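Engineer: Can you keep this structure in mind? I'll have questions shortly.
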Amino acid sequence: MTTPTPAEPPAGCPAHHAPSGPAPAALYGQVLTGDTHALYARLRREHGPVAPVELEPGVPAWLVIGYRELLEVTRNEECFSHDSRRWRALREGLVRPDSPLLPMMGYRPTVLFADGPVHRRLYRAVGDGFARLDQHRLRHSIAQLSDMLIDAIAPRGEADLLAEYALQLPLWAASRMLGLADAVAPELIAAVQGMVDSGPRAAAANQTLQRILGDLVRRKSAEPGEDLTSWLLAHPEGLSAEEVMHHLAVIIVAGNGPAANWTAATIRLLLTDTRFRTHVTGGRLTVDAALDEVLWRDAPVQNFPGRYATRDLRFGGQHIREGDALLLGIAAANHDPAVQPPDGQIVPGNRSHLAFGAGPHTCPARDQARVIAHTAVDTLVHRLPDIRLAVPAGDLAYRPSPWARALTALPVHFTPIQHSTPVQHSTSVQHSTPVPHRTAAVGGPSWTAEPTPRSSAWT
């Protein structure tokens with residue numbers, strides 16, 4: 001599938017820069033706010049499994065939209081490196097210093113930009129940290145926080161479930177796992193969203209995030225606790241303070257947005273798809289089935305940066321030059337007709353989608369992400385069983401992000417509950433979890449709270 005290219009044209013020849021066939025598609029701006037699957041289908045028809053795109057005016061890249069081709073890119077580090085310092089467009093000055101692409105694609109000393117032994121060293125540290133998290137305790141902590149967030153909106157009978165629910169839960173969960181104070185959550189939410197949107201505020205948002213995480217690493221270096229930050233600092237692989245700080249950014253950015261978008265998209269599915277809406281109250285379909293459907297049909301990360309060709313080669317029917325950027329077209333690859341069933345229906349339990357990546361860089365927090373999204377949706381449908389969209393489904397809009405498939409809002413109506421009764425937790429759990437934007441006293445790692453498990457037909 002990857003072969004050396006034929007002899008290159010002479011240096012300076014326009015053939016170096018202009019792919020044959022239709023012009024590269026813009027992967028920025030308002031084109032991303034609508035039905036992106038139509039865009040990816042057109043690219044597949046015009047170019048095949050690897051399509052030329054522009055990430056911003058004058059910045060070329062390749063979008064890998066074939067399922068099998070994406071698997072090869074993620075598994076073949078010899079031909080496709082993670083190190084963005086190889087990025088030819090950056091080396092040649094095509095990417096301006098204040099480009100909103102750099103917060104996502106600029107090099108950092110983390111697992112996302114490393115290959116081979118360096119990657120394995122960093123991945124072991126991050127993976128071991130996540131392995132130390134107790135998923136049962138995480139689940140109950142998320143259920144408690146979900147109850148508190150629902151309590152805040154229940155009397156109103158209306159809410160924006162994106163801003164007031166889905167965006168809150170995973171970021172607060174990540175904040176607690178890292179050992180951050182709850183009071184920092186609102187600032188983190190704004191910073192992370194600004195980075196992922198790759199808009200004019202991306203650089204400032206990146207600086208805010210670096211400040212928050214730098215302060216955290218300094219504090220945990222002096223006063224370690226039972227949290228991911230402290231575990232990374234103390235790991236036998238010997239990560240430096242700078243490496244730890246950059247990995248915290250990866251955990252926050254790569255973890256929060258996808259979990260929030262996954263939660264919101266699953267709620268949208270339950271409210272708009274008659275298959276699920278009809279059967280939800282009867283219990284014949286599970287939350288897990290809805291979560292898997294979203295990962296196949298509407299992946300929360302639609303494209304992911306990036307891989308960089310280590311040599312000139314022929315791949316997916318295209319001539320790829322050394323240093324070219326290749327983006328993982330996750331949403332498009334999941335819709336590749338070559339791997340879709342004939343009737344187009346998702347087989348229950350089939351998790352061969354690429355929503356969490358593939359190969360050695362598969363997301364190490366995928367289990368925690370599922371716990372967060374499952375618990376958030378499960379709690380919501382039990383607490384507010386008559387929830388319904390406040391606008392026509394066709395009016396729901398998406399952020400113009402090349403990376404995330406993220407709603408701009410999810411307005412809903414439901415019967416107001418003046419004296420709501422949340423799911424009962426063990427009396428050992430103190431309901432000190434703050435509602436959004438309220439400062440709370442922070443003691444130990446709040447994600448370790450241990451309420452009594454609840455029974456549920458959705459579990």
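Engineer: Just checking, does segment 119-129 include any residue being surrounded by fewer than 23 Cβ atoms within 10 Å (Cβ to Cβ), acidic (Asp, Glu) and assigned to a helix (DSSP H, G or I)?
Structural biologist: Yes, segment 119-129 has at least one match.
Engineer: Which of the numbered conditions does ALA264 fail, given that it passes all the others? Conditions: (1) under 22 Å from GLU77 (Cα atoms); (2) open to solvent by less than 30 Å² (accessible area, probe 1.4 Å); (3) modelled with pLDDT of 90 or more.
Structural biologist: Here ALA264 meets the rest and fails (1).
Engineer: Could you check ALA241 against (1) open to solvent by 50 Å² or more (accessible area, probe 1.4 Å); (2) touching a strand residue (DSSP E or B) at 6+ places or on another chain (Cβ under 7 Å) and say which number it fails?
Structural biologist: (2)
Engineer: Oh, and also: What number goes with the only condition from (1) in contact with a strand residue (DSSP E or B) (Cβ under 8 Å, 6 or more places away or on another chain); (2) open to solvent by less than 30 Å² (accessible area, probe 1.4 Å) that ASP160 does not pass?
Structural biologist: Here ASP160 clears every test but (2).
Engineer: Something else about it: If THR3 satisfies all but one of (1) surrounded by fewer than 20 Cβ atoms within 10 Å (Cβ to Cβ); (2) modelled with pLDDT of 95 or more; (3) touching a Lys or Arg at 6+ places or on another chain (Cβ under 7 Å), what's the number of the condition it fails?
Structural biologist: Just one mismatch for THR3, condition (2).
Engineer: Another question, if that's okay. Only one of (1) hydrophobic (A, V, I, L, M, F, W, C); (2) crowded, with 16+ Cβ neighbours inside 10 Å; (3) within 21 Å of the chain's Cα centre (by Cα) is not met by ILE150, so which one is it?
Structural biologist: (3)
Engineer: So which residues in segment 10-53 are within 26 Å of ALA202 (Cβ to Cβ), part of a loop (DSSP other than H, G, I, E, B) and modelled with pLDDT of 85 or more?
Structural biologist: Across segment 10-53, the qualifying residues are PRO24, LEU27, TYR28.
Engineer: Going residue by residue through segment 165-186, is there one that turns out to be crowded, with 17+ Cβ neighbours inside 10 Å and out of contact with any helix residue (DSSP H, G or I) (no Cβ under 8 Å at 6 or more places or on another chain)?
Structural biologist: no
The values are calculated or read from the model by the stated rules, or taken from the named source; none is laboratory data. Just so we're clear, the structure is a prediction, and the values are computed from it rather than from any experiment. Glycine also receives a Cβ, built like all others from the backbone with ideal geometry; neighbour counts cover every protein chain displayed. Only protein heavy atoms, including side chains, enter the accessible area calculation; ligands, DNA and RNA are left aside. Shrake-Rupley method; radii C 1.70, N 1.55, O 1.52, S 1.80 Å.
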